[in-house]
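Data block below; observations after.
Every read-out reported here was derived from the displayed coordinates using simple, explicitly stated rules and does not represent laboratory data. None of these values were measured; they are calculated from a predicted model. Reconstructed Cβ throughout: ideal geometry from the backbone, glycine too, with neighbour counts over all protein chains shown.
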Amino acid sequence: MKVRDIQEFMEAWAPPDIAWERDNVGLQTGDPGTRLRGILVALDVTEGIAREAIRRGANLIVSHHPLLFRPLRTVTNGTPRERCLAALIRKGVALYSAHTNLDFTRDGTSFALADALGVTVEGFLKSPFTLEDKIVTFVPPSHADRVASAMAEAGGGRIGEYENCSFRTAGRGTFRGTGTSHPAIGRKGVLEEVEEVRLEMAAPRRTVGKVVRAMIGAHPYEEVAYDVYPLENTSAEYGMGTIGSLRRSVTLRQFLATVRSALGAPALRWTGDPRSSVQKVALCGGSGSDLLPDAVRSGADVFVTADVRYHTYQEAEGTIALVDAGHYETEIPVVASVVARLRREIQSRGERIPVRAASQSTNPVRGHM
Ligand SMILES: [Zn+2]
C-alpha cells in the first residue's frame with residue numbers, strides 16, 4: 001500500500017470539498033507514491049509527534065489539525081512549525097491532514113465524541129451541505145443510454161442505495177451548423193430540428209468535471225450542449241455536530257462527572273442547573289459555539305463543545321446547559337476512530353502496516369487545581 005491509498009481512503013470518508021473554504025486539508029508533505037511502512041495518527045503535528053513517528057518507524061502521519069494552515073514564508077528552523085516541517089521532509093515522513101472535513105462527515109469528530117460519552121447518535125445537529133450539482137444534456141434518443149451509463153460510471157446518478165438514477169424528457173432540439181461544422185445529424189448550413197432527450201443526472205460536486213468529460217466522450221455531437229446547475233439539496237452524509245441520547249436520564253451534575261472522566265478533562269466550564277435532568281445531548285468536538293442556536297432548537301438538555309466565550313454562556317443561561325470540555329479533550333476521541341478505520345481498511349487489503357495512535361498528548365492547555 002502507498003501513501004496515495006490512505007489518502008484516497010480518507011477522502012472517500014471525509015471528502016476535502018466539504019472542508020471549510022479557508023481550511024487546508026489533504027496531503028501536506030510527502031510523495032503519494034511512497035510505499036507505507038507505518039502510520040501514526042495524532043490530533044496535532046508537533047516536533048514531538050514528528051520524532052515519535054520517526055522513532056516508531058512510521059512514514060505517514062495522519063493528523064486532524066493541519067501543520068500547514070497559515071502560509072509559511074520561510075523554512076529556516078526558526079519556529080517549531082518550521083523545524084517540524086523540515087524534519088518530516090528530511091526523514092521522508094508524509095503528512096496527511098483531515099480537519100474540518102473530518103468534523104463534517106459521518107463518524108467524524110463529533111460522532112467519536114458522542115461515542116466516548118455514551119451518547120447514541122441520532123444524526124447531525126446541523127446539515128448545511130449542498131454538495132451536488134445537476135448535469136443536463138440534450139442527446140439523440142439512440143444515444144441516451146450510452147451517455148447515461150458513461151455519466152454513471154464516472155460517479156453520477158447515485159442517490160443513497162440507488163445507482164444509475166437519471167431522468168429523461170423527450171423534446172425537439174434545433175441547430176444550424178456553420179460552414180466549418182461536422183454535424184452528426186443533418187447537414188451543415190441547414191436549420192435542423194431533431195428529436196432529442198433531455199437527460200439529467202445529479203453528481204457529487206467533486207466529480208462533476210469527470211462526469212461532464214465522460215458525458216462529452218459518449219455523446220455523438222460535435223458540440224455538446226449541456227448545463228450544470230448547483231443544487232440546494234442538503235446531504236444526509238455531511239453536517240455539523242451531532243444530536244443523540246443517553247441510555248437513561250441523569251442529572252447534569254452526574255453528566256458533568258461522566259464528561260470529565262471520559263475525556264480526561266482537568267476541568268469543565270459550564271452553565272446550567274446541576275439538578276436538572278439530562279438525556280438528550282447535542283455535541284460538537286472543537287470550537288462549536290456557533291451551533292448553540294441549533295442545539296437549543298434541537299431540544300437538547302445539554303450542549304457539549306469547546307472554546308466557549310463568556311457571552312455564549314450568557315445566551316445559554318436558562319435555556320440549555322452548556323459545557324466547555326476543552327478543544328483537545330472533545331476532539332481526541334476521533335484519533336481512535338481514525339486508527340480503527342485505517343486498521344480495518346489495511347487488514348481488508350491483506351496488508352500488515354502498523355497503525356498507532358500517538359502516545360503523547362499534544363494539548364498545550366493545562367488546568368490548575
Ligand atoms: Zn480542532
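Answer with one residue from Ser166, Leu252, Ala340: the one whose Cα lies farthest towards the positive end of the charge dipole of the chain, charges on Cβ with Lys, Arg +1 and Asp, Glu -1.
Ala340
List the residues, sorted by chain then number, that are 5 or more residues from Leu43 or on another chain and whose placed amide H is less than 5 Å from its amide H.
His64
Could you name the lysines in cross-link range of Lys210, using Cα to Cα under 20 Å and dropping any fewer than eight places away on the same chain?
Here the lysines satisfying the reach criterion relative to Lys210 are Lys134.
So, with +1 on the Cβ of K and R and -1 on the Cβ of D and E, and no other charges, what is the size of the charge dipole of the stretch 28-91 about its Cα centre, to the nearest 20 debye?
Numbers: 11 positive and 5 negative charges, 34 e Å.
The calculated dipole for the stretch 28-91 is roughly 160 debye.
Where a Cα-Cα gap under 13 Å defines reach, which aspartates and glutamates qualify for Lys126, not counting those fewer than 8 residues away within the same chain?
Qualifying aspartates and glutamates at Cα under 13 Å: Asp103, Glu237, Asp290, Asp294.
From the square roots a ≥ b ≥ c of the eigenvalues of the alpha-carbon gyration tensor of the stretch 215-369, which class results: rounded (a/c under 1.5), prolate (a/b over b/c), or oblate?
Details: a/c = 2.59, a/b = 1.51, b/c = 1.71.
Oblate, because a/c is 1.5 or more while a/b does not exceed b/c.
If the cut-off is 17 Å between C-alpha atoms, which aspartates and glutamates fall inside it for Lys2, apart from same-chain ones fewer than 8 positions away?
Glu11, Asp31, Glu345, Glu351
Quick check: the distance between the Cα centres of the stretch 303-369 and the stretch 98-152, to the nearest angstrom?
Each part reduced to its Cα centre gives a spacing of 23 Å.
When the Kirkwood hydrodynamic radius is evaluated over all pairs of different C-alpha atoms of the stretch 117-229, what value in angstrom, to one decimal, is obtained?
Details: mean 1/r = 0.0637 Å⁻¹.
When all Cα pairs of the stretch 117-229 are included, the Kirkwood radius is 15.7 Å.
Cα gyration tensor of the stretch 6-53, axes a ≥ b ≥ c as square roots of the eigenvalues: rounded (a/c below 1.5), prolate (a/b > b/c) or oblate?
Taking the square roots of the gyration eigenvalues as a ≥ b ≥ c, the stretch 6-53 is oblate.
Sorted from fewest to most neighbouring beta carbons within 10 Å, what does the list Trp20, Trp13 look like? Mind dumping the intermediate values first?
Working: Trp20 12, Trp13 18.
So the ranking, lowest neighbour count to highest, is Trp20, Trp13.
Dipole of the chain (Lys/Arg Cβ +1, Asp/Glu Cβ -1, origin at the Cα centre): which of Ala98, Ala86, Ile6 lies farthest to the positive side?
Of Ala98, Ala86, Ile6, it is Ala86.
For a quick check: sort Asp5, Asp103 by the number of other beta carbons within 10 angstrom, fewest at the front. It would help to have the intermediate numbers written out before the result.
On the way: Asp5 16, Asp103 28.
Ordered from fewest to most neighbouring Cβ atoms within 10 Å, Asp5, Asp103 come out as Asp5, Asp103.
If each residue's Cβ is checked for other Cβ atoms within 10 Å, how do Met1, Met201 rank with the fewest at the top?
On the way: Met1 17, Met201 24.
Listing Met1, Met201 from fewest to most nearby Cβ atoms yields Met1, Met201.
Rounded to the nearest 500, what is the chain's calculated 222 nm mean residue ellipticity when only DSSP H runs of at least 4 contribute -39500 (n - 2.57) each, over all residues? Show your work: numbers first, answer last.
Details: 12 runs with 110 residues, N = 369.
Result for the chain: -8500 deg cm²/dmol, rounded to the nearest 500.
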